[in-house]
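I have placed the structure first, in the form of structure tokens, so that the comments after it can refer back to it.
We did not get these values from a lab; they are worked out from the coordinates using the rules stated. Note that the structure is a prediction, hence the values are computed from the model and not measured. When we count neighbours, we look across all protein chains shown, and the Cβ atoms used for this are built from the backbone with ideal geometry, even at glycine.
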Amino acid sequence: MIYQFRSKAGPDVIMLADLTQRIFDILARPLEPRGILTVEQLPLLISSLETAILKDLEERAKGNTTEQDNAEKPRLADRLGQRAYPFLELMKQAKAKEEPVVWGV
């Protein structure tokens, strides 16, 4: 499934279900077919995603993941920050212009 995120603050962001689900797990939000991220929610959501990106970078820098860890985690060739960057930027733009982010509408 493909998700298209929209905000009056910036260009649309289209993501596949695997990345969208991973980001929403990080944000501790259920992924529904349609929804809204309100202006009030954006600061905490941005902070949560940025923290997860930094943690991912630190783990990759340490290089101490075992093959068993890799088998349990989804195989993602790209860094989280690289894949989540467009969505993170949309949230930042929406926060700056005080506009919500919506999808499925």
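If r is the Cβ-Cβ distance from Ile2 to Glu58 and R0 is 35 Å, what FRET efficiency results, to the nearest 0.05?
My answer for the efficiency is 0.70.
Based on the alpha carbon coordinates of the chain, what radius of gyration and maximum Cα-Cα distance (Dmax) apply, in Å?
Here Rg and the maximum Cα pair distance are 14.3, 44 Å.
Enter the angle in degrees (range 0 to 90, nearest 10) between the Cα long axis of helix 80-96 and the first principal axis of the Cα atoms of the chain, meaning the one along which they spread out most.
Orientation of helix 80-96: about 20 degrees from the principal axis.
Could you work out the helix-only [θ] at 222 nm for the chain, with each DSSP H run of four or more residues adding -39,500 (n - 2.57) and the total divided by the number of residues, to the nearest 500 deg cm²/dmol?
Computed ellipticity for the chain at 222 nm equals -16500 deg cm²/dmol.
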